[in-house]
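Right, one structure below, let's go through it.
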Amino acid sequence: MTTAVIQTQGLTRSYKGGKSKFALQGLNLSVEKGEIFGYLGPNGAGKTTTIKLLLDLIRPESGKAQIFGLDTRASSLEIRRRIGYLPGDLNLWKNLSGQHVIRYFSSVRGTPIPAYTNTLIERLEFDPSRKIRAYSTGNRRKLGLILALMHQPELLILDEPTNGLDPLVQQTFMYLMREAQNNGQTVFLSSHLLNEVQAICDRAAILRDGKLLSTQGIHGLSDTGFKYVTLTLREPQPALNLSGVAGVQNVQVDGLQISLRLSGDFDPLLRAINGCYVVNMQVQEPTLEEIFLTYYGDKLENGGFKSHGAVEVK
Amino acid sequence: MINTIFAETFRRGWKTALYWGLGIGIMAWLQIIIVQDTTLITETAHLMESVPPFILEMFGGTSDMQFLATPDGYLALQFFGFILLVFAFYAAVAGLNVTANDEDAGIMDIFLSLPVVRWQLVLTKVLAFILLSALVVGVTLACMLIGFAMVPNIFDVGRMVLASLNILPSMLVVLSFTALAAAIFRRKSSAIALTAAFIIGSYTLDFLGNAAPDTILAALRKLSFFAYYDSTGVIQNGLSIPNVIILLAASVIFAIIAMWRYQRRDIGL
C-alpha cells in the first residue's frame, strides 16, 4: 500500500493584480512515498507557484495541500524540518563562502554539518572554500543541491535542478536521485526539460496555464499510440500507395526507403505491403518532446487553450 | 535557530556598525577638541543670535543664547542637534536588513524553506540590529569620551553620556518602522520610500511645529519621533523618562506589527 507524501486538493492561486489570471487552478495532485515525480510544463505553467504553495511561501486562494499528511499552512514548520528544497533561481549571500552557507544552514536546522555533505562535495566536485560571488552558475547549482540533499530529507523539492549543470554533473545528479529513492526518499522534480524527466522519473504530471493536463507513469506518458516506421525495400514499388492505409500518416518515399507515422495496429500496414520484399523494418518510439508537443496539440484542439506557439522544450 | 540567526546577523553587521560608530565618533571628537577655542564658541553664539529661531529649531537648536555660549550648548548645536538624522540613516539601513534585502535578493525563498518561523526571524534580526545600533552609539560615545579626556573640566560629561544614550530610543523607532515597512511591502523600493517619508516627515513636522507654536503644527509635532528626542533638553535637564518610554513603546508596537504582518504575507512571487 502506498502513502501520499504530497497531496493537493483544488489548490488555486491567481496572479496579483490579475483577478482572472490564474497561476494555478484547482490542482489535484498526489505524489507517493519513494517515487521520483516529474512536474512538467513550459515556463509560466505554474510549477514554481505550486512549489511556493507547498513550502507555505505563498498562500492559496482556495484548496489545500498536505505533505506527510500534514497541512502545509498549519504544520509548515514541521514539514520544513523534513524537506530539502532547491529553488529554480538560487540566490545566496554573495560575500559568504560555500562552506559558511553550508554551516549556517545546518545550524539553522539545529544540527551539525551532516557527514553526507562531504560525500556530496566530493561527488559533485565542488569547492566550498570560495565566496558565492566567485561561483559560476553551475557551481551555485551544485551548492544548492548540497544544501537540499545534505541532511537526507524525506522529501526533496527540486525546481529545475539541472539548469546550468554540465552533462557530467547531470549524470551524477541522476545517480544521486536514484540513491535518494533507494534510501526511501521522495523526489518532487519540477522541470521543463523532458529528457531529464524521462531519464529519472517514475511518474510525471503535465501542467499548462496553471491547469493539470495529465498525471501518468513515464511509460504511460509515452504511450501516445503512434510510432515512426521506416521500411527498406529490395526493389522500387512505384505502384505502392500507403497513404490510404488505416493508421498511416506522413508517408515519405526516398528511393527504396519508406518512412511513415503509424497509429494503432501494424496489421493494416503489413497487409498493404504484402508481396513486397522488405529488407529491413525499423520502429522508433516518439521522444517525450514529441509526445509533449502532441499532447499540447491535442489540448489545443480539444481544450480550447490559447495557442502559445512553440512550447519550450529542449 | 534563534541563536544562530542572531549570531550570524551580528557577525555580518558588527564591522559596518563599528565603521559607522567610528565615523560619527570622529566627527564628535573633532567638535569636542574645537571647544578649547573659546573664541569660536562665543562667535558661534553671536552668529546664532542673528539666525531666526525657526532656523535654529530646524537644526535641533535652541534659542537660549546663554546656553549656546557654553561648551555644552556648542556641542548640543553642532553635534547632537543634527546627528540623529545620521543615526536614523543607519537605523533605516539596518531595518532593511531585517527582511527586505534578503527578499529583494531572492534569498528568502530558500532560507524560509528551512525550519524558521517568520515572526521569530523578524524578532531575532530586530534584536540583533538593536545590539548593533547600540554598538554604533557605544563606539561614538567612546570617541567622545576620549575627547572629553583630552579637554578635561570643560563639559558636563554625565549629561553628554545621557545625550548620547538618548539617541538610541529614536534609532529603535526608525529600525522597527523600517522593518514594518519591509513587512508590509514586498518591494524593497516601496519600503525605502515609506521609511524616507517617515523620517523626513517626522523631521519636517518637528521643526515646523517648533517654529509655529500657535498653529495646529505644534500639536501634530507630537506625532514626530524627533519631538521626543530633544537633545538640548537632555543636556540641560537630564534624560526625559516619559520621552524614552514613548519612543520605546512606539518601537515595540512597530516591531509587533511587523512580525504579525510578515508571518502572514506572501514571500517573493
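A search for C-beta distances below 8 Å between a residue of the stretch B:130-153 that is open to solvent by 40 Å² or more (accessible area, probe 1.4 Å) and any residue that is small (Gly, Ala, Ser), counting only pairs 6+ apart in sequence or on different chains, returns B:Leu135/B:Ala17; B:Leu135/B:Gly21; B:Ala142/B:Gly21; B:Ala142/B:Gly25. All conditions in (1) buried (at least 17 other Cβ atoms within 10 Å of the Cβ); (2) touching a residue at least 60 places away in the same chain (Cβ under 8 Å); (3) within 14 Å of another protein chain (Cβ to nearest Cβ); (4) outside any loop (DSSP other than H, G, I, E, B) hold for B:Val116, with the sole exception of (4).
The set of residues in the stretch B:76-113 being outside any helix (DSSP H, G or I) and within 14 Å of chain A (Cβ to nearest Cβ) consists of B:Asn97, B:Thr99, B:Ala105, B:Gly106, B:Ile107, B:Leu112, B:Ser113. Listed by first and then second residue, the pairs linking a residue in the stretch A:273-288 that is hydrophobic (A, V, I, L, M, F, W, C) to a residue that is modelled with pLDDT of 90 or more, with Cβ atoms under 6 Å apart and 6 or more places separating them unless they lie on different chains, are A:Cys276/A:Leu233; A:Val278/A:Leu231; A:Val279/A:Thr232; A:Val279/A:Arg234; A:Met281/A:Leu231; A:Val283/A:Val229.
Scanning the stretch B:254-269 for residues that are in contact (Cβ under 8 Å) with a residue 12 or more places away in the chain and away from chain A (no Cβ under 14 Å) yields a total of 6. Is there a residue in the stretch A:91-103 that is among the basic types (Lys, Arg), away from every other protein chain (no Cβ under 13 Å) and either surrounded by fewer than 19 Cβ atoms within 10 Å (Cβ to Cβ) or closer than 26 Å to A:Gly26 by Cα (or both)? No: the stretch A:91-103 contains no residue that is among the basic types (Lys, Arg), away from every other protein chain (no Cβ under 13 Å) and either surrounded by fewer than 19 Cβ atoms within 10 Å (Cβ to Cβ) or closer than 26 Å to A:Gly26 by Cα (or both). Residue count for the stretch B:188-230 under the criterion of being basic (Lys, Arg) and free of Cβ contacts under 8 Å to residues at least 24 places away in the same chain: the result is 2.
Given the condition out of contact with any Asp or Glu (no Cβ under 8 Å at 6 or more places or on another chain), within 14 Å of chain B (Cβ to nearest Cβ), outside any helix (DSSP H, G or I) and basic (Lys, Arg), answer yes or no: does some residue in the stretch A:131-147 qualify? Yes.
So for the stretch A:47-54 (the condition being closer than 26 Å to B:Ile107 by Cβ, touching a residue at least 60 places away in the same chain (Cβ under 8 Å), within 21 Å of the chain's Cα centre (by Cα) and surrounded by fewer than 16 Cβ atoms within 10 Å (Cβ to Cβ)), does at least one residue qualify? The answer is no, given that none of the residues of the stretch A:47-54 is closer than 26 Å to B:Ile107 by Cβ, touching a residue at least 60 places away in the same chain (Cβ under 8 Å), within 21 Å of the chain's Cα centre (by Cα) and surrounded by fewer than 16 Cβ atoms within 10 Å (Cβ to Cβ).
Would you confirm whether or not the stretch A:173-187 contains a residue that is of a type in the set (Ser, Thr, Tyr) and assigned to a helix (DSSP H, G or I)? Break it down stepwise before answering.
Taking the stretch A:173-187 as the starting set, the residues that turn out to be of a type in the set (Ser, Thr, Tyr) are A:175, A:186.
From what's left, assigned to a helix (DSSP H, G or I): A:175.
Within the stretch A:173-187, one or more residues are of a type in the set (Ser, Thr, Tyr) and assigned to a helix (DSSP H, G or I).
The values are calculated or read from the model by the stated rules, or taken from the named source; none is laboratory data. Worth saying up front: this structure is predicted, and the values here are computed from it rather than measured. With ideal geometry, Cβ positions are generated from the backbone for all residues, glycine too; neighbour counts draw on all protein chains shown. Ligands, DNA and RNA are excluded from the accessible area calculation, which covers all protein heavy atoms including side chains. Shrake-Rupley method; radii C 1.70, N 1.55, O 1.52, S 1.80 Å.
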